[in-house]
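Please read the structure below before turning to the comments.
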Number of protein chains: 2
Amino acid sequence: MLTKRQLLILKEIVRLYTETGQPVGSKKLLEQLPIHISSATIRNEMVHLEDQGLLEKTHLSSGRIPSLRGYRYYLDHLVEPSSIDANDLAVIETSFDQSYHEIDQIVAQSAKILSSLTNYTAISLGPELKDLKLTGFRLVPLNDDQVMAILVTDNGTVENHIFSIPSGIDGDSLEKIIRIINDQLVGLPLMEVVNKLHHEIPQLLTKYMITPEGFLDIFGGVLKKAAQERYYVGGKMNLINTSTLKDVDQLKALYSLIDQNQDLGQIIGAPADQPIEVRLGDEMTNDLLKNFSVITATYNVSEHGRGMIALLGPTSMPYSRMIGLLDVFRAELAKKITDYYRHHGD
Amino acid sequence: MLTKRQLLILKEIVRLYTETGQPVGSKKLLEQLPIHISSATIRNEMVHLEDQGLLEKTHLSSGRIPSLRGYRYYLDHLVEPSSIDANDLAVIETSFDQSYHEIDQIVAQSAKILSSLTNYTAISLGPELKDLKLTGFRLVPLNDDQVMAILVTDNGTVENHIFSIPSGIDGDSLEKIIRIINDQLVGLPLMEVVNKLHHEIPQLLTKYMITPEGFLDIFGGVLKKAAQERYYVGGKMNLINTSTLKDVDQLKALYSLIDQNQDLGQIIGAPADQPIEVRLGDEMTNDLLKNFSVITATYNVSEHGRGMIALLGPTSMPYSRMIGLLDVFRAELAKKITDYYRHHGD
DNA sequence: GTTAGCACTCGAAACTGTTAAGTGCTAAAA
DNA sequence: TTTTAGCACTTAACAGTTTCGAGTGCTAAC
């Protein structure tokens, strides 16, 4: 059990350390604490906190820094989101003040804004696409042996993919195939599209093709690509600031992880119950993230599911400021996306 | 005027320095030179070379390194491309051994291969697009207020762009507009397309639109995007190795330059007379490149113009190896692209 | 013209001393 | 019993030294 005073000290140590980056000594605390106790008393209390595993020293006679357990305790019990800087708010609003064709543009922009605001790396993930509807599906013959498949969904996303026409199909048949597919699929929810694609459509197509399966697999691919959650990253380069830079190889590995745009799910994690959650390095699966920490904010877009935006930075981030910022940011982002849906209706 | 022996020494210094990264002293040269002269003689010769501005010292009693003038002289008169490593050649061939839908895929792949082979950054630019023909041009209505314009050129590139339909056009008119544009433009060389787009088409369209200009501007945009030379970069992260890393800001700036994918023309430069050219840092416009050097290789794809691939690395690159490698690489790349055209005909 | 020899220079690495920040502990004060 | 003042101790960081090795320029002899 921790006394009130110990909590106060722990909180102040986290605050000072995350803001200055320097280990916090008893003298510094003496100046900063709201209550007046001597540096000796502070030292005694720090020994207790260290015994509890909440503080660490970088070396025998150094000031204290929070341990991972200390951060965790702080985040679970002590942190108070600070209110957002007026200037930051203005930046958010003016940066979002554009018109967008696609949800993804808003999402991409959000990652840029957040990263430039924080000097960390931001990862943004649009609202869930689970009950997306297919509002448009086109097959466009490009030339003798290539067709472009275009897929438009009701969140404004347009996905396209080019593929070769299997041999043994003439132009006439192709036209008919396109008509069949268009007639049958446009307007349906994505899930149903996938369904039809595997059951009814192949039968309809056998008139014109011997093996429609390969042909349809390609659509499956585009669908998957469109339905796949897409991540946008802003401020990749800011990792350089964060990283200890001792280990260039590690930095490179982290970069290629992010550049793949693939496994970002493991960084951003699943939508949580809390609107804002913090995961510290050791709580994540990937070893590369050991020295990092991720703040994840979830937002709701009424019937359109939940989106997330995450901030990847050093474990010693100024959490109270960041959480305050993110809380406003997720609201602004949700507003912007809700607006989008309102104007592009569904 | 330089004597034969001086040339030999200069050449050896460049070779040793670019391979080891260490300044070269008289003793080291004594071991390596094909002729036998004493270290004292070598020192005397080095003084001459230094007087000519071809060598430098890092400090008073250090070994010599080539000056920029020294590199230039070496590259102009002395360098002998070394023959390619058998292993590297195998890597090139197996890496290219895939089938491609678009030229751009080959070009992108080439940058990846070259960067992984060299541990430097590679920038690849496909064959010139000047006398490209438009083989396909489609306008696909996506929904009530959006249209996708697709543009296919005879190098296999497909460019698409989504834009909003100007208000005051109904679906019927749009269909007609699409037909007009398709009938009039497909099959023409790009240059002619641009021409028609500004002269004949607007008149044809005035039937259905009050101001076709805005509508056509958008096509102009797509065209420009398609005709624009597109660069592919491989091994961005390798810049970290190269850079002195003292100056993180400089590294970041260089990255964002490359990430923009915009001004890469100033790095790669214009196609040159020589198949392979080297430009040293001070010969380039951008100050960020001061400590770098660029080896540019140009290749021909018969009637389809010339492409380029460039290697961005430190000034102290092992030129003879790199030039030997690039010479083979450009041939392989040209072969691959020529193959592509042969199979996808024009 | 070439070479051996030598005094000299400089960077890098190892070592030393000093300082400042911080600690733990003890004994006295509250 | 809790708090505080005081003191001895530890450590990182920094600034000097010292030493060593690699390399140079110069000179005198070959």
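The values are calculated or read from the model by the stated rules, or taken from the named source; none is laboratory data. Computed from a predicted model, the values in this text were never measured in an experiment. Glycine also receives a Cβ, built like all others from the backbone with ideal geometry; neighbour counts cover every protein chain displayed.
For this structure, a couple of remarks:
- Some residue of segment B:94-110 being over 25 Å from the mean Cα position of the chain (by Cα), more than 17 Å from residue B:316 (Cβ to Cβ) and free of Cβ contacts under 8 Å to residues at least 40 places away in the same chain: no
- The criterion of being basic (Lys, Arg), near DNA strand C (Cβ under 9 Å from one of its atoms) and at pLDDT below 95 holds for residue A:28.
- Within segment A:272-298, being in contact (Cβ under 8 Å) with a residue 40 or more places away in the chain and more than 23 Å from residue A:67 (Cβ to Cβ) holds for one residue alone: A:275.
- The residue list B:251, B:264, B:197 contains one member that is away from chain A (no Cβ under 14 Å) and at pLDDT 80 or above, which is B:264.
- Condition check for residue A:114: modelled with pLDDT under 95 and under 12 Å from residue A:309 (Cβ atoms): no
- Considering segment B:1-25, the residues that are basic (Lys, Arg) and within 12 Å of DNA strand C (Cβ to nearest atom) include one that is surrounded by the fewest Cβ atoms within 10 Å (Cβ to Cβ), namely B:4.
- Enumeration of residues in segment B:200-224 that are part of a helix (DSSP H, G or I) and at pLDDT 75 or above: B:200, B:201, B:202, B:203, B:204
- Residues of segment A:47-62 satisfying the condition of being of a type outside the set (Lys, Arg), out of contact with any helix residue (DSSP H, G or I) (no Cβ under 7 Å at 6 or more places or on another chain) and within 13 Å of DNA strand D (Cβ to nearest atom): A:47, A:58, A:59, A:60, A:61, A:62
- Residue list for segment B:294-324, restricted to those being among the small types (Gly, Ala, Ser) and more than 20 Å from residue B:84 (Cβ to Cβ): B:302, B:305, B:316
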